[in-house]
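See structure below.
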């Protein structure tokens, strides 16, 4: 029984990898830089995207594919901040997005008018780690209101991510969170992980993130 | 392919339900009240249990089965606060605990000396909702640093839970979180959900939770 489950899972994942490769080729040809945003529920993915769309949506020609288990709440929140296209995917109970859902969502997005695409995954630090969506890189968020050892406890996600965003930095004075310990814990899992620090509730709290995005989009356009 | 996956999943879940019924019978015969603690990573399950073990561990004869994807960090944290038995389960990548893992963990616990058992599930608001562990009730945690609409976005978990703990209440002055809106959102999904409010970092912040646990254990012992 267990063996059968694993076999079927392997085949489903292999098929997903093929579709993800197609998505990656399509996005690459269109010159779109794509980040797959992953985190536990409540770490601040949607808030980060709300601020980013409001402040950089036009400048960097941002589009968003946002996945949710049941609602379109996130897409509705994001659409308030931008005229840019926000495409919702409801997974109907599934705990992650897959490449087929992303491919379908892309049909509704004008890629020629897009330079930076965010895929907001379902809030889950386990399952989305196994599913390639054709992104350039995974960006994992976690917040200072969580434990510093999240990277050790959910290592696969932090291994697969190229960037980590430590969010809600404005709450640091009010919580027993040791930033150095969290970074060291993450680097123990993935020595190449690049850290960014955000506070979406504060005017200056997004500047490092924005500078990062501008530089990355510039680099992609020059390539 | 998709049909095959669903078939296999159905059979795995049916087998889990059988094992969960056996666990429930075993715990019932021993007179142990059992709560399955579920939440996203970082909502405060382990902190809640640390405080509860330190303050009520002896009084209510508490034992804990704690599940983690890769580490035994939570079990180590909990063991510092109690001489009571804390049994760790490492799921090796799986995104939830199952009834077989709980049954095995129970073999290491002296149920005759236990009145209240917590099962700390893997941090995940999606997958653990489908897996009965033989508990008396699921307790779902979420914190005021997350969005108020978590219940609508992860409805299955909030439907399956009998109790909801809104944690980190001490951070309310520093975050844009509307408690009434969160409770209304949860009741929209599950009108019978009973709410408890905690602040594990403050001396008085656990009193409502402790009163609840004392009353529930007393009721079970009288039954």
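Coordinate-derived values only; no laboratory data. Fair warning: this is a prediction, and the values are worked out from it, not measured in the lab. Reconstructed Cβ throughout: ideal geometry from the backbone, glycine too, with neighbour counts over all protein chains shown.
Observations, loosely collected:
- Sites residue B:192 and residue B:12 - FRET efficiency at Förster radius 35 Å, r taken between beta-carbons, to 0.05: 0.75
- Summarising the label geometry, the points placed 7 Å from Cα in the beta-carbon direction at residue A:103 and residue B:29 lie 5.3 nm from one another.
- GNM result for chain B, Cα springs below 10 Å: residue of B:12, B:23, B:165 fluctuating most strongly: B:12
- In chain A, helices alone account for a calculated mean residue ellipticity at 222 nm of -12500 deg cm²/dmol, with every DSSP H run of four or more residues adding -39,500 (n - 2.57).
- Test item: B:43-50 mean partner chain Cβ contacts at 10 Å: 2
- Mean Cα-pair separation over length for segment A:8-222, i.e. relative contact order, pairs under 8 Å, 6 or more apart, %: 24
- Relative to its residue count, the protein assembly as shown spans a Cα convex hull of 138 Å³ per residue.
- Counted over chain A, the DSSP beta bridges are approximately 0% antiparallel.
- Euclidean distance of C-alpha centroids, segment B:56-103 and segment B:111-137, integer Å: 10
- Here residue B:59 and residue A:214 are evaluated by their C-beta separation; at R0 = 35 Å the FRET efficiency comes out at 0.05.
- P(r), alpha carbons of segment B:121-223 - 5 Å bins starting at zero, rounded %: 2, 12, 21, 22, 21, 14, 6, 1, 0
- When both segment A:196-222 and segment B:183-223 are represented by their alpha-carbon centers, they are found 41 Å apart.
- Of the residues A:27, A:141, A:171, the one that moves most in a GNM of chain A with alpha-carbon contacts below 10 Å is A:171.
- Footprinting exposure proxy for A:221, A:143 (fewest neighbouring C-beta atoms within 10 Å first): A:221, A:143
- Taking 15 Å as the cut-off, the amide N atoms of segment A:94-126 that come nearer than this to a point 7 Å along the Cα-to-beta-carbon line of residue A:81 belong to A:117-121.
- Note on chain A: Rg/Rh from C-alpha atoms, Kirkwood Rh, equals 0.96.
- Ranked A:185, B:127, criterion: other C-beta atoms within 10 Å, fewest first: A:185, B:127
- Shape of segment A:47-129 from the C-alpha gyration tensor: prolate (a/c of 1.5 or more and a/b above b/c, with a ≥ b ≥ c the square roots of its eigenvalues).
- Residues considered: B:128, B:191, B:151. Largest GNM mean-square fluctuation over chain B, using C-alpha springs under 10 Å, is found at B:191.
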